[in-house]
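Worksheet: the structure to be examined is printed underneath.
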Ligand code: KIV
Ligand code: NA
């Protein structure tokens, strides 16, 4: 396979080929995911929970994100070098100013990321514009945004009321207009996620708990391997079940997403 690039991701979105994404935090899992055919690897700040045992992503630092991004990027390059690597800007690393966001995005790009991800809508559009104008590909993240869990009042479905759905639509369009080319939609009602996916042509939606109507799907690696130490979210399927290896579980995930057999709206999402 040729390395995944932004034009290729946009072309997949236009053609309706599902984009597959999994998180990874170290070189070995990243290399195995790459070899299993996963299109995008996200160095998620979910490493705060998965690797560090935290209850939220709020305490994850830039230095920790830089370290895990470097590990993942090395793992991808060392074996196959195909996957598109996205790295999370952690809480507090982009809120202060455009310059702060740029400086921290550069650190993650220098560590080997191809794209950075930041959470939230509204004020973030200007930051995204600032970054994309300067050659940094950006992935947005709307719906349930874990870094602001304390402001949201818990981990629950977002965009359910008419007002909340309208705000989410406006934020998504503004992020796309600002140059974001991927957009994670987390715990957003199925119909809203599907209609946003249709509306945004220059930006591919990546769903998690958002139904089958998005341009792509993402899961936290440990969740899909059945290795969750807390409560398993409803939107997860354990792909280790019936698989003989981690590589095999990842291949099954890729196939299920590409063939639209995962997620199942009635099982893994909300209406
Ligand atoms: O940190 C993470 O793993 C994420 C995904 C759940 C989208 O942001
Ligand atoms: Na994240």
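The values are calculated or read from the model by the stated rules, or taken from the named source; none is laboratory data. Predicted model only: the values in this text are computed from it and were never measured. Cβ sites come from the backbone with ideal geometry, for glycine too, and all protein chains shown count toward neighbours.
Using the structure shown, decide if residue 112 is within 16 Å of ligand 2 (Cβ to nearest atom), touching a helix residue (DSSP H, G or I) at 6+ places or on another chain (Cβ under 7 Å) and either in a loop (DSSP other than H, G, I, E, B) or closer than 18 Å to residue 202 by Cβ (or both). Lay out the reasoning, then the answer.
On the way: within 16 Å of ligand 2 (Cβ to nearest atom): no; touching a helix residue (DSSP H, G or I) at 6+ places or on another chain (Cβ under 7 Å): yes; either in a loop (DSSP other than H, G, I, E, B) or closer than 18 Å to residue 202 by Cβ (or both): yes.
Considered against the rule, which asks whether it is within 16 Å of ligand 2 (Cβ to nearest atom), touching a helix residue (DSSP H, G or I) at 6+ places or on another chain (Cβ under 7 Å) and either in a loop (DSSP other than H, G, I, E, B) or closer than 18 Å to residue 202 by Cβ (or both), residue 112 comes out as no.
Here's a check for you: in segment 214-231, which residue that is touching a helix residue (DSSP H, G or I) at 6+ places or on another chain (Cβ under 7 Å) and free of Cβ contacts under 8 Å to residues at least 40 places away in the same chain is surrounded by the most Cβ atoms within 10 Å (Cβ to Cβ)?
Among those that are touching a helix residue (DSSP H, G or I) at 6+ places or on another chain (Cβ under 7 Å) and free of Cβ contacts under 8 Å to residues at least 40 places away in the same chain, it is 214.
Based on this model, can you work out whether residue 60 counts as farther than 20 Å from residue 171 by Cβ, within 14 Å of ligand 1 (Cβ to nearest atom) and part of a helix (DSSP H, G or I)?
Details: farther than 20 Å from residue 171 by Cβ: yes; within 14 Å of ligand 1 (Cβ to nearest atom): yes; part of a helix (DSSP H, G or I): no.
So residue 60 fails the test.
From the list 192, 131, 183, exactly one residue is closer than 30 Å to residue 261 by Cβ, at pLDDT 95 or above and assigned to a helix (DSSP H, G or I). Which is it?
Values: 131 fails: closer than 30 Å to residue 261 by Cβ; 183 fails: assigned to a helix (DSSP H, G or I).
Sole residue among the options that is closer than 30 Å to residue 261 by Cβ, at pLDDT 95 or above and assigned to a helix (DSSP H, G or I): 192.
In the set 152, 225, 221, which member is within 15 Å of ligand 1 (Cβ to nearest atom) and farther than 26 Å from residue 39 by Cα? Full working, then the answer.
Values: 225 fails: farther than 26 Å from residue 39 by Cα; 221 fails: farther than 26 Å from residue 39 by Cα.
Matching residue, one of 152, 225, 221: 152.
Of the numbered conditions (1) within 16 Å of ligand 1 (Cβ to nearest atom); (2) under 18 Å from residue 6 (Cα atoms), residue 124 fails exactly one; give the number of that condition.
Failing condition for residue 124: (2).
Suppose we filter segment 20-57 for residues that are closer than 18 Å to residue 228 by Cα, part of a loop (DSSP other than H, G, I, E, B) and under 15 Å from the mean Cα position of the chain (by Cα); how many remain?
Matching residues across segment 20-57 total 6.
In segment 138-178, what residues are in contact with a helix residue (DSSP H, G or I) (Cβ under 6 Å, 6 or more places away or on another chain), part of a loop (DSSP other than H, G, I, E, B) and farther than 16 Å from residue 199 by Cα?
Correct list: 159 only.
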